[in-house]
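See below for the structure under consideration.
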Amino acid sequence: MSRRFTASPAGTNDWRARSACADADPDAMFPDSKALIAAAKDICHHCPVLNDCLNDALRNDEVQYGLRGGLTPEERRAINAPPPPPAATPALPATLAEAVALRTTVDDDGHTRWTGVKMISFRGKRYTAAQAAFTVGYGRDPEGPVRRSCDEDCFTAGHLTDGAIRDSEARCGTRPGYYQHRKRNEPACGPCNRANNDADRRLRTTGSTKAAA
């Protein structure tokens, strides 16, 4: 124990009076080599007030010198050191677009790659990677299966199609195709615009939108 403490008179209730080092050479409890530290610790480990000594040292910040409670100054400093600050919790993405952006990278050729598990949960809703990329890119949930229009494992929105897009593409160049674009609140493609204009002209001139056989 530290040189600051001296054994109390016999018969008192002070724990120091019962310490194993009370009658030892004071220098023995201030070892400066591994062998002397081991010898001093052996004295401590047979001490009936080991815990009292250690608690007193920690309570009074006695972490600089000597063996106390069987521990060196370095060992006592480790106990008294403040705990490390908690690791910062990453902020959750505020939007689905942010969640997708955290998981994707864009190649130089325009293909988007997905990193990690190809499933995502956002605000209680689960998406496959393709569904999430489609929803972010088109601003709406997909209708039916999402498929790729390229040959890569790609998640670029423009390379993804759903049932509505495929149906529209099948009708492209027709008046129904034009109305399919309108239904989805998107600009009609050139062939659909031309088909709609042709149908309007026929309606004005013949009273029917059908082309002559």
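Each value in this text was obtained by applying a stated rule to the coordinates, not by laboratory testing. Given the structure is predicted, the values throughout are model-derived calculations rather than measurements. Ideal geometry is used to build each Cβ from the backbone, glycine not excepted, and the neighbour counts take in all protein chains shown.
Looking for something in a loop (DSSP other than H, G, I, E, B) and either free of Cβ contacts under 8 Å to residues at least 40 places away in the same chain or over 30 Å from GLU98 (Cα atoms) (or both) - is there at least one such residue anywhere in the stretch 125-135?
Checked the stretch 125-135: no residue is in a loop (DSSP other than H, G, I, E, B) and either free of Cβ contacts under 8 Å to residues at least 40 places away in the same chain or over 30 Å from GLU98 (Cα atoms) (or both).
Looking at the stretch 144-157, can you tell me whether even one residue there is more than 30 Å from SER208 (Cβ to Cβ), in contact with a helix residue (DSSP H, G or I) (Cβ under 6 Å, 6 or more places away or on another chain) and hydroxyl-bearing (Ser, Thr, Tyr)?
Within the stretch 144-157 (the criterion being more than 30 Å from SER208 (Cβ to Cβ), in contact with a helix residue (DSSP H, G or I) (Cβ under 6 Å, 6 or more places away or on another chain) and hydroxyl-bearing (Ser, Thr, Tyr)), the answer is yes, since at least one residue qualifies.
What number of residues within the stretch 160-174 are within 18 Å of ASP141 (Cα to Cα) and of a type in the set (Gly, Ala, Ser)?
The qualifying residues number 3.
How many of the residues in the stretch 158-189 are crowded, with 16+ Cβ neighbours inside 10 Å, among the small types (Gly, Ala, Ser) and in a helix (DSSP H, G or I)?
3
Could you run through the stretch 30-88 and say how many residues are assigned to a helix (DSSP H, G or I) and more than 16 Å from ARG16 (Cα to Cα)?
17
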